[in-house]
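Each reported figure results from applying straightforward, stated rules to the coordinates on display, with no laboratory input. Predicted model only: the values in this text are computed from it and were never measured. Every residue, glycine as well, gets a Cβ built from its backbone with ideal geometry; the counts of neighbours run over all protein chains shown.
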Amino acid sequence: MEKIQSLELKNISKSFPGVKALSDVSFSAYPGKVCGIVGVNGAGKSTMMNILGGLLQPDEGGKILINGREVMIENPKAATELGIAFIQQEIQVFDTMHVYENVLAADFDKWRKGKNSLVLDRKAMKKEVQKHLDALGSNIDVDAPVYSLTVGEKQLLQIARALSEGGQILLFDEPTSSLSDNEIARLFEIINKLKAQGYIIFYISHFLDEIFSLCDNVIVLRDGKKTGDALISDIDKEKLVGMMLGHMVEGNARSGVRAQSEVVLKAEHISGVRLPKDISFELHKGEILGVWGLLGSGRSELFNAMLGIDKMMGGRIYYRENGRLEEISQKKLYPHIGYLTEGRHYDGLFLDMSIKSNITSSDIGRFASKFLGTLNTKKEAVESRSLMKQVNVKATDENMIVSKLSGGNQQKVIIAKWFLKDPDILFMDEPTKGVDIGAKAEIQNLIFEKSEKGMSFVIISSELEEIMSLCDRIIVVYEGRLVGEVSKADFSKDSLMKGIVSQEEKHAD
Ligand SMILES: Nc1ncnc2c1ncn2[C@@H]1O[C@H](COP(=O)(O)OP(=O)(O)OP(=O)(O)O)[C@@H](O)[C@H]1O
Ligand SMILES: [Mg+2]
């Protein structure tokens, strides 16, 4: 494969039924540079990358040139052959295969012991994969089954796969949205290393700090059009946000500490199979309670054990009903709660169904006729349309299939689904994952509004800024145990990390 010196995109457009995802976008990229791509949910970022990766074809009239020559990227295989590798928004791995098999999955033929042999030279395969993992500074075991890896490690596999296939143009679509701070730091190291080695790198993110620390230049998309193309050194965050939104974001922090109201939910000594260990907390009416901790600290496991997704090995739950706080079974708690889980593709959505059916799924009984058991689809349409408007889902209409929405808009559908049920208590695990900064502010405002009306929230967020601006009180979890509680007046990075740091010091002793 010849060395790629330049990549040019000229007048790229892409229409879907009812949407123009890209219109007449042109830009260029060069070796040794990281090019950021930013824009609000549905702006066309992933579509652009899907075209480069051969997953979508641009409309007539557009051209892609490599080293000045026009190329056709008819499918992902053609992209690979041209040296383009795509690390997608939703991580793509074969969960039941081994690490080394995953990395080389695209071309097993190459590793047959003889031309027509049915036997793979697994020793040589492992050696090859080890080489790439070493180069990335990773100590993942080539023999490990992939399901045992963390999200960050799975992502590293995708990078190793890209390199082993000879990728020279690397596309990263929101790579940090499920990574821990350490994993993010390591990813940045790797990207910087690849940049120094002369790779052409595209980097999509909603975290503008990442764009400023990693990229050399940035392309801004809005409604499928290019609204900005600048060197990072020539712009600041405000300017960038202006290009993305066409206006500025309004501040929305809820000020002051809220008056204490009655306790609506009490969790006592909650323990799971492995995590959590003996966690107790109280939740007040209208309160927004945050759960903070490092990745793997057992935050999601706390929700899963409490709400019966995993087995609860010990503990009791109390819920206020008819003016009294009384012990309640998980099953009896369900009508009063909602649970927005972390994995939108895994258990958050019916991907092949419409936006409407997804939104109404949280309380479908409300739309069923009592006698006939049929659905009142008109009512479904009206209510889901109104919720789509509230959370600002960008789609042609409520009948659009959810898998065709952009990542951030899929997340908004899940939020709409739980707002439709309007439960007393809403548990949310990373509610704004993949949501753009404008919509994030809108969703936070909706959470404030709901809480003013008496809905209570328990929220996990790995984003420090978000959890501090959103919550009234935060509990801190470390290795499955409760190690701290901080109230609004004392919120700071230090106060949240205090419990965690002191535990880590104990470990070190
Ligand atoms: N297969 C498809 N069929 C119909 N519409 C589609 C399809 N794929 C994307 N779209 C639409 O194209 C637009 C751009 O989507 P795209 O996924 O590129 O957005 P994005 O900038 O990546 O957003 P996000 O930040 O939410 O990931 C959206 O309106 C989306 O609904
Ligand atoms: Mg996207």
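Here are some conditions: (1) surrounded by 16 or more Cβ atoms within 10 Å (Cβ to Cβ); (2) within 16 Å of ligand 1 (Cβ to nearest atom); (3) among the small types (Gly, Ala, Ser); (4) assigned to a strand (DSSP E or B). Ser15 meets all but one. Which one does it not meet?
(1)
Val458 passes all but one of (1) buried (at least 23 other Cβ atoms within 10 Å of the Cβ); (2) under 18 Å from the mean Cα position of the chain (by Cα); (3) closer than 22 Å to Asp363 by Cβ; (4) away from ligand 1 (no atom under 11 Å from the Cβ); which number fails?
Of everything listed in (1) buried (at least 23 other Cβ atoms within 10 Å of the Cβ); (2) under 18 Å from the mean Cα position of the chain (by Cα); (3) closer than 22 Å to Asp363 by Cβ; (4) away from ligand 1 (no atom under 11 Å from the Cβ), Val458 misses just condition (2).
Could we say that Asp347 is on the phi < 0 side of the Ramachandran plot and in a helix (DSSP H, G or I) here? Explain how you work it out, then say what you get.
Details: on the phi < 0 side of the Ramachandran plot: yes; in a helix (DSSP H, G or I): yes.
So Asp347 fits the description; yes.
Within the stretch 195-236, considering only strands (runs of 3 or more DSSP E) that don't extend past its boundaries, which have at least 1 residues that are surrounded by fewer than 19 Cβ atoms within 10 Å (Cβ to Cβ) and without any contact (Cβ under 8 Å) to a residue 24 or more places away in the chain? Even if it seems obvious, please write down each step before you answer.
Details: elements: 200-204, 217-222, 225-231.
Answer list for the stretch 195-236: 225-231.
Collect the residues in the stretch 462-476 that are of a type outside the set (Lys, Arg) and either in contact with a strand residue (DSSP E or B) (Cβ under 7 Å, 6 or more places away or on another chain) or in a strand (DSSP E or B) (or both), keeping them in residue-number order.
Here is the first cut: in the stretch 462-476, the ones of a type outside the set (Lys, Arg) are 462-472, 474-476.
Answer for the stretch 462-476, where residues must be of a type outside the set (Lys, Arg) and either in contact with a strand residue (DSSP E or B) (Cβ under 7 Å, 6 or more places away or on another chain) or in a strand (DSSP E or B) (or both): Ile467, Leu470, Cys471, Asp472, Ile474, Ile475, Val476.
On the given criteria, is Gly42 assigned to a loop (DSSP other than H, G, I, E, B), surrounded by 16 or more Cβ atoms within 10 Å (Cβ to Cβ), within 16 Å of ligand 2 (Cβ to nearest atom) and not β-branched (Val, Ile, Thr)?
yes
Identify, please: which residue in the stretch 372-402 is part of a loop (DSSP other than H, G, I, E, B) and surrounded by fewer than 17 Cβ atoms within 10 Å (Cβ to Cβ) and is, among those, farthest from ligand 2 (Cβ to nearest atom)?
Among those residues, the one meeting the criterion is Leu372.
Could you tell me which of the residues Val391, Val413 is out of contact with any Cys (no Cβ under 7 Å at 6 or more places or on another chain), farther than 18 Å from Tyr346 by Cβ and within 15 Å of ligand 1 (Cβ to nearest atom)?
Val391
Listed here are the residues, each with its yes/no results for (1) away from ligand 1 (no atom under 14 Å from the Cβ); (2) of a type in the set (A, V, I, L, M).
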{"position": "Gln57", "(1), (2)": "no, no"}
{"position": "Glu60", "(1), (2)": "yes, no"}
{"position": "Ile66", "(1), (2)": "yes, yes"}
{"position": "Arg69", "(1), (2)": "yes, no"}
{"position": "Ala85", "(1), (2)": "yes, yes"}
{"position": "Thr96", "(1), (2)": "yes, no"}
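Tell me, which residue of the stretch 21-39 that is on the phi > 0 side of the Ramachandran plot and part of a loop (DSSP other than H, G, I, E, B) is farthest from ligand 1 (Cβ to nearest atom)?
The residue in question is Gly32.
Does the stretch 403-415 include one or more residues that are away from ligand 2 (no atom under 16 Å from the Cβ) and either assigned to a loop (DSSP other than H, G, I, E, B) or aliphatic (A, V, I, L, M) (or both)?
The answer is yes; a qualifying residue exists.
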